[in-house]
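These notes are about the structure you will find just below.
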Amino acid sequence: MLFDGYLRFTSSAKNAWEEEDMIKKNEGINNNLIRAQNIVTELQSSLDMTVPGDLPGTLYRLYDYVLTNLQQANLTKDIQKVVESDKVISELREAWAEMLTQNPENSSSTGSQPGSISLQA
């Protein structure tokens, strides 16, 4: 899941905050936060905004919030912004996982890409 990759990269970035060598610290934070940003951008761009209802717009705004937080965290080296973003992504991950366990027939649909899910009823 993309959510797992995001959490792996932000965990690595948070670990880099503990690095004493400033070059390694900044590289570790920057590189991992950029990877996490790329994942959020992919999640955001894969939304089907033609689906009726509030869900696509709400997810878009949540991803935008996370993306902005990660950018600010990288610029200011503020770990708290990463922690806030991780909470959002973790909750979304748990919600999708719960939905997939309740509706296993929707977890893989014919003709869709691996790991994709349709929001259409």
Calculated log₁₀ intensity ratio I(q)/I(0) where the Debye formula runs over C-alpha points of the chain, q = 0.17, 0.21, 0.23 Å⁻¹
-0.85, -1.15, -1.31
Under the definition of Cα pairs under 8 Å and six or more residues apart, what whole-number percent is the relative contact order of the chain?
22 percent
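Every number here is computed from the coordinates shown, using simple stated rules; none is lab data. Keep in mind that what you see is a predicted model, and the values were worked out from it rather than measured.
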